[in-house]
Amino acid sequence: MKSTVYIETSIISYLTARQSNDLRSMANKSATIEWWETQKPKYELVISEFVIAEAGLGDPEAAERRLAAIEGVMELEATEAVRTLGRELISRNTLPERAEIDAYHVAIAAVNGIEYLLTWNCTHIANAITRPKIEAACRALATNRLLFAHPTN
């Protein structure tokens, strides 16, 4: 059985982005494409309504590319348990209120026992300060422990 990977929206954004002159963006895009081409077949990918909603925002052509990239990927249901955990991550100051959608990305992966959360979101999800707080909150709320990953892992 393949390990499961929740694909957060930043991955899809880099995967489908137009070329940029920004070195970090170019590097992230390149790493994301390489992961998608070489590692994706090794995993069972999942997304959520939160990914679909975010992917559909912005420039219509870019949104179309993002939505096409996730077509056919299994969508997890945002249950009441997901919404409760997401709200708890905010209320415990694990994530700031402005990062509510990020809290729901974490919550849906945790509640569904997803093994990896693949993201480029180092502001709220995969950073050295926030990650231990997120994991502690999830453990305290008796949810599954998450392993966070970047496309370079």
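Bear in mind these aren't lab numbers, they're just calculated from the coordinates by the rules spelled out. Not measured: the values here are computed from a predicted model. Ideal geometry is used to build each Cβ from the backbone, glycine not excepted, and the neighbour counts take in all protein chains shown.
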Open item on the list: I need Ile33, Ile90, Ile11 ordered by Cβ neighbour count within 10 Å, fewest first.
Closed with: Ile33, Ile90, Ile11
Task: Ascending count of other beta-carbon atoms within 10 Å, so fewest first, for Cys122, Cys138 - done: Cys122, Cys138
Task: Isotropic mean projected area of the C-alpha convex hull, segment 3-149 (nm²) - done: 8.5
Task: Helical contribution to [θ] at 222 nm, DSSP H n ≥ 4, -39,500 (n - 2.57), averaged over the chain, rounded to 500 - done: -15000 deg cm²/dmol
Task: Dipole moment magnitude, nearest 20 debye, segment 3-149 about Cα centre, only Lys, Arg, Asp, Glu C-beta charged - done: 540
Open item on the list: What is the angle, in °, between the Cα long axis of helix 80-91 and the longest principal axis of the Cα atoms in the chain? Nearest 10 is fine, range 0 to 90.
Closed with: 80
Task: the chain: angle of helix 130-140 to the longest principal axis, Cα-based, in degrees nearest 10 - done: 40
Task: Close Lys-Lys pairs in the chain, where close means Cα under 26 Å and separation is 8 or more or interchain - done: 5
